[in-house]
Amino acid sequence: MPTISRRSFIQASSAAAAAYAVAGSAHAAAGDRVRHAVIGVGGQGGNHVKAFASMEHCELVAIADVDAERREQVAKLISDKATVKQYEDFRELLKDESIQSVSIATPDHWHTPVALAALKAGKHVYVEKPCCHNMKEGVLLAAAQKKTGLCVQHGTQFRSTQAAREGIQQLRDGVIGTVRMAKAINHQFRGPIGRKPDSEPPAGLNYDMWLGPAPVRPFSENRFKYNWHWHWDYGTGDIGNDGVHQIDVARWGLGVGLPKAVGASGGQLFYNDDHETPDTQVVTYEYDNCYLLYEMRLWTDYLLEGHDNGVVYYGDKGTLEIGRNGTTIKLIDKEPQKIEGGADLAANVRNFLDAVKEKDPSKLNAPISEGVLSSQLSLLGNVATRVGRKLTLDIDKVECINDDEANKLFSREYRKGYELVEV
Ligand SMILES: NC(=O)c1ccc[n+]([C@@H]2O[C@H](COP(=O)([O-])OP(=O)(O)OC[C@H]3O[C@@H](n4cnc5c(N)ncnc54)[C@H](O)[C@@H]3O)[C@@H](O)[C@H]2O)c1
């Protein structure tokens, strides 16, 4: 894995770019490489930096983050031979016409705003899950991809995982017979975050831009690094965090899109802290011929049906399970069959770069048209949980029938200066 030395990472004095040295003896000739930038270089953005920089047909040329500390940390990952520019403001990065693609690993509330701006600037996009923070953003993002014809890959990397792909093929071939139900399981232990008072934002953080479209409020550590996941203004709870992976796989196997109805219930049965989002949630998605169920418990660290996080498809001849350790087929009265292999970020990144090189979105394993649907299912689970009743959908209009309160949660107010760009 290439590294970038701190020594050669020259910090820009303002939002402007600075150069640092690049990696890549194993890399292809410059003209054959996709010039790529990563926007949001926290936990997962650091993984993007490593994954993209390690691909022979990619040249990592820039990063953007509103937090100087995060830019500084990522500098440790890049080697002496690279030339990578760093930006505080991604809008400045997008002005560089030589950049062909960007990946987005900001908090959820920034995914669609950055993706739309990148598409407008003519960049191919790899966007982390969930690609949208509300239902309407998903509609706009899918439409923008269609209009521009650019490659937009979703960070649901199970779609590029060999064991999952083989499992889905077996499902399609009818190995477990007729499938009428799939269960997406998100079953793990996530400790409480406690209560923290508001405080001054850290030096080097552009907090206004971190908030972006969200309403202005004082800084809190409990709404910052990673913990933003648990606050509605920025995150989508764990159904949009880990849950969206399992929902995506379940929906993929069932071959369904938006449901006709969604029933949900959830709350905080375990946390008594600054969390806004549930620690316990059950959602039922109704289709004409099948059901998709979602179960979430964030206070258990034992397995359920063999999985912490995974999907079980129920057929009339047996079950097929796709989890973080591979695929298992269990037919009645037969020994289980196992296909080993976990979720594969590198494979999803490689597939994205291959599609970008060929300028062919049809080559993507996790195209945004699918990513939007899976993200919307997570969001629908949250909306139904928050209004406390079953939603009936007008699928063509992507709205609830006769439910103004729920429809209000299908979009948000964008703070002045941080409105969505039109593509
Ligand atoms: N595909 C996966 O398996 C996977 C795994 C982990 C995280 N993720 C996703 O990655 C995203 C980031 O998660 P994380 O855990 O890295 O969060 P994080 O809080 O560690 O990092 C987010 C980074 O984005 C930066 N940021 C915020 N606003 C920005 C802006 N306007 N422009 C540029 N940078 C900005 C923050 O300063 C921070 O460095 C989330 O959406 C999460 O769901 C995906």
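The values are calculated or read from the model by the stated rules, or taken from the named source; none is laboratory data. Here the structure is a predicted model, which means the values were calculated and not measured. Reconstructed Cβ throughout: ideal geometry from the backbone, glycine too, with neighbour counts over all protein chains shown. Calculation scope for accessible area: heavy atoms of the full protein, side chains included, ligands and nucleic acids excluded. Shrake-Rupley method; radii C 1.70, N 1.55, O 1.52, S 1.80 Å.
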Say the dipole of segment 158-261 comes from +1 at the beta carbon of Lys and Arg and -1 at that of Asp and Glu; which of A182, V244, L258 then lies farthest toward its positive end? A182
Probe 1.4 Å, accessible area per residue of the chain, Å²: 41 Å²
Can you give the alpha-carbon Rg of the chain over 2.2 N^0.38 Å, where N counts its residues? 0.97
Which percent, nearest 5, of DSSP beta bridges in the chain are antiparallel? 65 percent
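Suppose R0 equals 45 Å; then what is the FRET efficiency for D96 and D396 from their Cβ-Cβ distance, rounded to the nearest 0.05? Numbers along the way, then the final one.
Working: r = 39 Å, r/R0 = 0.87.
Calculated value: 0.70.
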Cα-Cα over 32 Å, subset of K136/K359; K50/K123; K260/K363; K123/K338: K123/K338
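Out of every Cα-Cα pair in segment 93-217, what percent are more than 17 Å apart? Please list the in-between numbers first.
Working: 5552 of 7750 pairs.
For segment 93-217, the share of Cα pairs beyond 17 Å comes to 72 percent.
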Need the list of lysines near K196 for cross-linking: C-alpha distance under 18 angstrom, and skip anything on the same chain fewer than eight residues off. K225
Label zone at A143, where the point sits 7 Å out along the Cα-to-Cβ direction: segment 225-266 residues whose backbone N lies under 13 Å: none
Between Q337 and S199, what is the label-to-label distance in nm when each label sits 7 Å out along the Cα-to-Cβ direction? 5.5 nm
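Out of the total accessible area of segment 186-298 (probe 1.4 Å, heavy atoms of protein only), what percent is carbon and sulfur? Each step should come with its number before you reach the end.
Values: 2090 of 4140 Å².
Of the solvent-accessible surface of segment 186-298, carbon and sulfur hold 51 percent.
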The chain: angle of helix 162-172 to the longest principal axis, Cα-based, in degrees nearest 10: 30 degrees
Can you give me the distance in nm between label points at E422 and E405, each placed 7 Å from the Cα along the Cα-to-Cβ direction? 3.4 nm
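Which value, in Å³ per residue, describes the convex hull spanned by the Cα atoms of segment 161-282? Each step should come with its number before you reach the end.
Values: hull volume 19.4 nm³, N = 122.
Per residue, the Cα convex hull of segment 161-282 comes to 159 Å³.
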